[in-house]
1. Do any residues in the range 238-252 that are at pLDDT 90 or above have Cβ atoms under 7 Å from those of residues that are surrounded by 13 or more Cβ atoms within 10 Å (Cβ to Cβ) and in a helix (DSSP H, G or I), where the two are at least six apart or on different chains, and which pairs are they?
2. Among all residue pairs at least 6 apart or on different chains, which show Cβ distances below 6 Å where the first residue, located in the range 55-75, is farther than 14 Å from residue 102 by Cβ and the second is assigned to a helix (DSSP H, G or I)?
3. Of everything in the range 171-195 that's surrounded by 17 or more Cβ atoms within 10 Å (Cβ to Cβ) and part of a loop (DSSP other than H, G, I, E, B), which residue is modelled with the lowest pLDDT?
4. What residue, among those in the range 146-170 that are surrounded by 21 or more Cβ atoms within 10 Å (Cβ to Cβ), part of a loop (DSSP other than H, G, I, E, B) and more than 10 Å from the chain's Cα centre (by Cα), is modelled with the highest pLDDT?
5. Does any residue of the range 240-247 turn out to be surrounded by fewer than 20 Cβ atoms within 10 Å (Cβ to Cβ) and either over 19 Å from residue 224 (Cβ atoms) or not assigned by TED's automatic domain parsing to the domain that holds residue 223 (or both)?
6. Among the candidates 58, 77, single out the residue that is surrounded by fewer than 14 Cβ atoms within 10 Å (Cβ to Cβ), part of a loop (DSSP other than H, G, I, E, B) and outside the structural domain of residue 159 (by TED's automatic domain parsing).
7. In the range 120-136, which residues are in contact with a strand residue (DSSP E or B) (Cβ under 7 Å, 6 or more places away or on another chain) and in a loop (DSSP other than H, G, I, E, B)?
8. For the range 80-119, what are the residues that are touching a residue at least 40 places away in the same chain (Cβ under 8 Å), touching a helix residue (DSSP H, G or I) at 6+ places or on another chain (Cβ under 8 Å) and not in a helix (DSSP H, G or I)?
């Protein structure tokens, strides 16, 4: 009797252990699946979609995604939102729409001609250009796509996130709002060694610099991207920009300095008259500082700098004499 009771208890413990392990495995799977990034292509503006309905060739058609992000199809009364959905998600939605009124069990297939989502790589790389993307890319991957830095490259690269209407918010599944902008700086070596990275988004511009730079914005004679070699001060940079305009306020010149590891910038304010009189030191600049001779809001300044980076016209790139 005692032996059978021991066997019975052993079986209970064994089953409990099995269920416990299974429960842990299920929970682990849920955590893993929740953390997995969705690399599937999401439809964007300017994409062309091939819609195929099995056994209903009269409903097959080729349509372009409109500027509003929608498509209009035969027999459907209302436009269907296509932008930011995967091909499978849109196919399922179209099948539900056809099933509601016309077809008992529709089978829909969507194939996208991917024209809308791209990332630009410019500057000192082997193969600068505009790269159409069909999945999510890391910064290092895009650098590799462009052949890597060339012999003229410096030590840093910048990423300008200008806010593309082709990008989709992961959480909401909606297009990014135009006007948002970030400018982020990285040491090329940190990116190549995998110490620093980021997920790229459609519309991003990667600029590999051939030297360290600062940006001069606002009421100066020559605003733009200023290349620096060696220690450079605020007054030297303003002199290189050919001086300030009459509307400039000398007592409120700002330096926007990026915080390490993110896109946030600290705001430093300087009075140039006090620097001229020797009452405060002429501050040394750090790579990627933004000199703002302007009363504009920080967001407007960053947007202006982003446009400089995106165009990278030779006329806005100059050196400290």
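1. 244/238; 250/272
2. none
3. Of everything passing the filter in the range 171-195, 176 is modelled with the lowest pLDDT.
4. Checking each candidate, the answer is 146.
5. Yes: the range 240-247 contains one or more residues that are surrounded by fewer than 20 Cβ atoms within 10 Å (Cβ to Cβ) and either over 19 Å from residue 224 (Cβ atoms) or not assigned by TED's automatic domain parsing to the domain that holds residue 223 (or both).
6. 77
7. Result: 124, 128, 133, 136.
8. Answer for the range 80-119, where residues must be touching a residue at least 40 places away in the same chain (Cβ under 8 Å), touching a helix residue (DSSP H, G or I) at 6+ places or on another chain (Cβ under 8 Å) and not in a helix (DSSP H, G or I): 85, 106, 107, 108, 109, 110, 111, 112, 119.
The values are calculated or read from the model by the stated rules, or taken from the named source; none is laboratory data. These numbers come from a predicted model, not from an experiment. Cβ coordinates were reconstructed from backbone atoms using ideal geometry, including for glycine residues, and neighbour counts include every protein chain displayed.
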